[in-house]
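K.L.:
Mind looking over this structure? Questions follow.
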Amino acid sequence: MMDRRFFLKGLGTTLALPYMNSLQGDVKETQINHKMLFLSFGWGVTKQSWYPNKSQQGSEYELSEGLKPLARHKKDFSLILGTEHQYNKQGHWGSTMFLTGANRYAVPGRSFSNTISCDQLAAQAWGENNRFSSLQFDCAKPSVSGHGPGLSMSWNQSGKPMAGMQNPVLVYNKLFGNAGMSIEEKQQLISKRGSSLDAVLADANKLSQKLTSEDKDKLNEYLESVREIELQLAKEKSWLGKPKPQAPLQEPQKGLKGYDEIKLMYDLLVAALQTDSTRVITYRQPVESLLQSLDVSITSHNMSHYGKGDRLTVSKLRDEKQSELLAYLMDRLKQTKDVNGQSLFDTTTLVYGSNISTSHTLTNCPVLVAGNKHILKLGEHKIMPKGTPLNNLWLTLLNANGIRQESFGDSTGMIEDILV
């Protein structure tokens, strides 16, 4: 099978060339460039109007009021409902443990710990041949939008938060920026950062001799983060002579908030996958500024405590607009070609949901799975048995994408009947 990246060999050196459109015809149509995309929102959904009728399972269910904007894609997504994270007891944390299912009290003596998120297992498996092993999209003031602690949805091998980009301008510059810098200038910048890390490591080694065993553990955690930065620098060096792809969209305006911000972030998600810059993306999106952009004065937290009246009306409006935006993203993924000529939608496993179901309830997580027709059975409404770990779904999606795992967190097994 022809790989989409070509290599030049000479004088004992091998150089990997970036993907080039003119060589697209050499990629066989059967070659699947699997990708994973995880989207989260805080504060859950409206219980009365987002969840479909429990008695209508399978493919013949009727879309609920909150999901009706997705009607044109009904055959291309499935609702996997009834799952939960048994250890998560934090009703304000819509994303912190969403992709890990970890017990924050699992480490004795600590009030918070986490584990690797499932997207990072995909990044470890796939990221070597992409400029970015993964990308983390984020929003400003995530806790106000019901997301909880963290810097993004993603957590590394050590359970530490991975930094996210909080606006479209940052994302655009990450993907397509620095075009004006020479290779020499980039080399100097990387060398400067590398020298700073060397100095930090030297000081840390001296400090280690004076520490107790408990403090040494803390220092080792810090050094793990430093080593991750070293790996990032090494990857930057390996891509130094390879120009970033030409941007398929204009540079974003500054200051976009809410609805327009999410829509543009979705465009940038598509651009990142289209240019093969990465194959793994997470995005925890704003809820607070979404409401503000809709001229709603009620805060998102107050909205989550809906009963009757204005708060319930706003909660339903939130559901409608989020589904409307998701339908837009699915349109874009279907319209955009992957490197093998298939649509991005057909090669991307898309997950959309929250760790909070409604108000501050943490059972029956609202989760929608769409995309990759090669592995997913779509167009269905499925309710899992009570107490089913959400990690069963993550385990299933990882293995279906070729990332072999015997277990993930508190998983109890695969959900085989959601696969083709």
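K.L.:
Can you find, within region 133-174, the residue that is farthest from Cys118 (Cα to Cα) among those that are aliphatic (A, V, I, L, M) and without any contact (Cβ under 8 Å) to a residue 24 or more places away in the chain?
P.N.:
So, considering only residues that are aliphatic (A, V, I, L, M) and without any contact (Cβ under 8 Å) to a residue 24 or more places away in the chain, the one farthest from Cys118 (Cα to Cα) is Leu170.
K.L.:
Same structure again: Which residue out of Gly44, Gly94 is touching a Phe, Trp or Tyr at 6+ places or on another chain (Cβ under 7 Å) and either open to solvent by less than 30 Å² (accessible area, probe 1.4 Å) or of a type in the set (Phe, Trp, Tyr) (or both)?
P.N.:
Step by step, each of Gly44, Gly94 is checked, and only Gly94 is touching a Phe, Trp or Tyr at 6+ places or on another chain (Cβ under 7 Å) and either open to solvent by less than 30 Å² (accessible area, probe 1.4 Å) or of a type in the set (Phe, Trp, Tyr) (or both).
K.L.:
If you go through region 285-296, how many residues are among the polar types (S, T, N, Q) and either modelled with pLDDT under 95 or open to solvent by less than 10 Å² (accessible area, probe 1.4 Å) (or both)? Spell out the reasoning first.
P.N.:
As a first pass, look at region 285-296 and keep what is among the polar types (S, T, N, Q): 285, 289, 292-293.
Subset that is either modelled with pLDDT under 95 or open to solvent by less than 10 Å² (accessible area, probe 1.4 Å) (or both): 285.
Number satisfying all stated conditions: 1.
K.L.:
Also: Residues that are modelled with pLDDT under 95 and open to solvent by less than 50 Å² (accessible area, probe 1.4 Å): does region 1-8 have at least one?
P.N.:
Taking every residue of region 1-8 in turn, at least one turns out to be modelled with pLDDT under 95 and open to solvent by less than 50 Å² (accessible area, probe 1.4 Å).
K.L.:
Separate question: Which of the residues that make up region 136-156 are within 21 Å of Met303 (Cα to Cα) and assigned to a loop (DSSP other than H, G, I, E, B)?
P.N.:
If the condition is that a residue be within 21 Å of Met303 (Cα to Cα) and assigned to a loop (DSSP other than H, G, I, E, B), then Cys139, Ala140, Lys141, Gly146, His147, Gly148, Pro149 are the ones that fit.
K.L.:
Which of the numbered conditions does Lys386 fail, given that it passes all the others? Conditions: (1) among the basic types (Lys, Arg); (2) more than 22 Å from the chain's Cα centre (by Cα); (3) in a helix (DSSP H, G or I).
P.N.:
(3)
K.L.:
Taking Ala106 as meeting all but one of (1) among the aliphatic types (A, V, I, L, M); (2) closer than 30 Å to Lys382 by Cα; (3) in a loop (DSSP other than H, G, I, E, B); (4) open to solvent by 10 Å² or more (accessible area, probe 1.4 Å), write down the number of the exception.
P.N.:
For Ala106, the exception is condition (2).
K.L.:
Would you pick out the residues in region 249-280 that are in a loop (DSSP other than H, G, I, E, B) and more than 25 Å from Ala140 (Cβ to Cβ)?
P.N.:
Thr275, Asp276, Arg279 - these are the residues of region 249-280 that are in a loop (DSSP other than H, G, I, E, B) and more than 25 Å from Ala140 (Cβ to Cβ).
K.L.:
Within region 65-76, is even one residue buried (at least 17 other Cβ atoms within 10 Å of the Cβ), aliphatic (A, V, I, L, M), outside any helix (DSSP H, G or I) and at pLDDT 95 or above?
P.N.:
no
Okay, residues lined up against (1) in contact with a His (Cβ under 7 Å, 6 or more places away or on another chain); (2) at pLDDT 95 or above; (3) charged (D, E, K, R):
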{"position": "Pro149", "(1), (2), (3)": "no, yes, no"}
{"position": "Ser154", "(1), (2), (3)": "no, yes, no"}
{"position": "Ser158", "(1), (2), (3)": "no, no, no"}
{"position": "Gln166", "(1), (2), (3)": "no, yes, no"}
{"position": "Leu170", "(1), (2), (3)": "no, yes, no"}
{"position": "Ser182", "(1), (2), (3)": "no, no, no"}
{"position": "Lys186", "(1), (2), (3)": "no, no, yes"}
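K.L.:
Name every residue in region 264-284 that is hydrophobic (A, V, I, L, M, F, W, C) and either open to solvent by less than 10 Å² (accessible area, probe 1.4 Å) or on the phi > 0 side of the Ramachandran plot (or both), in order of residue number.
P.N.:
Keep residues of region 264-284 that are hydrophobic (A, V, I, L, M, F, W, C), which gives 264-265, 268-273, 280-281.
Once the filter is applied, which keeps residues that are hydrophobic (A, V, I, L, M, F, W, C) and either open to solvent by less than 10 Å² (accessible area, probe 1.4 Å) or on the phi > 0 side of the Ramachandran plot (or both), region 264-284 yields Met265, Leu268, Leu269, Val270, Ala271, Ala272, Leu273, Val280, Ile281.
K.L.:
Output the residues belonging to region 113-127 that are touching a Ser or Thr at 6+ places or on another chain (Cβ under 9 Å) and open to solvent by 40 Å² or more (accessible area, probe 1.4 Å).
P.N.:
Thr115, Gln124
K.L.:
Another one. Whether any residue in region 128-141 is surrounded by 20 or more Cβ atoms within 10 Å (Cβ to Cβ) and small (Gly, Ala, Ser) is what I want to check.
P.N.:
Within region 128-141 (the criterion being surrounded by 20 or more Cβ atoms within 10 Å (Cβ to Cβ) and small (Gly, Ala, Ser)), the answer is yes, since at least one residue qualifies.
K.L.:
Sort through Ser113, Ser133 and tell me the only one that's over 15 Å from the mean Cα position of the chain (by Cα) and either assigned to a loop (DSSP other than H, G, I, E, B) or at pLDDT 95 or above (or both).
P.N.:
Ser113
K.L.:
Can you tell me which residue in region 407-420 is farthest from Ile32 (Cα to Cα), limited to those that are assigned to a loop (DSSP other than H, G, I, E, B) and within 22 Å of the chain's Cα centre (by Cα)?
P.N.:
In this case the residue turns out to be Asp410.
The values are calculated or read from the model by the stated rules, or taken from the named source; none is laboratory data. Here the structure is a predicted model, which is why all the values come from computation and not from measurement. Using ideal geometry, Cβ is built from the backbone for each residue, glycine included, and neighbour counts are taken over all protein chains shown. In case anyone asks, the SASA skips ligands and DNA or RNA and just uses the protein heavy atoms, side chains included. Shrake-Rupley method; radii C 1.70, N 1.55, O 1.52, S 1.80 Å.
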